[in-house]
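For reference, the structure is listed below as C-alpha cells.
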C-alpha cells in the first residue's frame, strides 16, 4: 500500500507535518512517495532515509497518472487556505481518495469517508489517524470518488453548473427589473 504527496516541499504546504506523521507510524508506516521541489528538499531527503519515504523530486505532469493509479490516497497536509487545488480533482478523476487538512476550500472538497478523510491542520497525529482509516477502509471508496468526480468535476458537469448560474442570474434580473417598474 502506497500513499502520494505531490507539491512544493515547503513548511506551509505541510511537508513537516507529513514527515512527522510517518515518523509517528514507525516501522509499520506504509510507503509514501513524495514528488516535488522546494526550500525543504534537502531536509526531506535527509529525513526520508530513516522513514518509509521515497523521494521522487520534480515529476513531469505526464508521469502523474501512473503515480496516482499506484496510490491508495493523495495526501495534502497543507497549512494554507488553498483556493482550489487541482491535484484534488486529478486524484478524483482517477478514483483516488484524498487525505487532507481540514482548512479552507481544501477541506470543503472532501466528504469524509466518501471522497477521502480530513484531519486538523498541522496535526501529525490526526494525519496518522486518517491514513489508518484509509488502510482499514473495507468498502469501494475508489468507486465513490469516481462517481463524485463524474457528477461534479467533469467538463460537462462544470458546463451544466455554469449554465445554471447564468439562468439564475438572468431570471433574478428579470424579477428585479419587474419589481422596479
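The values are calculated or read from the model by the stated rules, or taken from the named source; none is laboratory data. Keep in mind it's a predicted model, so treat the numbers as computed, not measured. FYI the Cβ positions are ideal-geometry reconstructions off the backbone, even for glycines, and counts take in every protein chain you see.
The table that follows gives values for the structure above.
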| read-out | value |
| --- | --- |
| Qualifying residue in the stretch 147-165 (condition: closer than 23 Å to residue 66 by Cα, in contact with a strand residue (DSSP E or B) (Cβ under 9 Å, 6 or more places away or on another chain), without any contact (Cβ under 8 Å) to a residue 60 or more places away in the chain and not in a strand (DSSP E or B)) | no |
| Selection from the stretch 20-38 of residues that are touching a strand residue (DSSP E or B) at 6+ places or on another chain (Cβ under 7 Å) and crowded, with 23+ Cβ neighbours inside 10 Å | 22, 32, 34 |
| Of the criteria (1) surrounded by 15 or more Cβ atoms within 10 Å (Cβ to Cβ); (2) touching a strand residue (DSSP E or B) at 6+ places or on another chain (Cβ under 8 Å); (3) under 19 Å from residue 129 (Cβ atoms), which one residue 16 fails | (2) |
| Tally, over the stretch 1-13, of residues that are closer than 19 Å to residue 107 by Cα, out of contact with any helix residue (DSSP H, G or I) (no Cβ under 7 Å at 6 or more places or on another chain) and either in contact (Cβ under 8 Å) with a residue 60 or more places away in the chain or surrounded by 23 or more Cβ atoms within 10 Å (Cβ to Cβ) (or both) | 3 |
| Helices (runs of 4 or more DSSP H) enclosed by the stretch 44-131 - at least 1 residues per element that are within 9 Å of the chain's Cα centre (by Cα), at pLDDT 95 or above and buried (at least 18 other Cβ atoms within 10 Å of the Cβ) | 86-93 |
| Residue check, residue 135 in contact with a helix residue (DSSP H, G or I) (Cβ under 8 Å, 6 or more places away or on another chain), surrounded by fewer than 19 Cβ atoms within 10 Å (Cβ to Cβ) and under 20 Å from residue 24 (Cα atoms) | no |
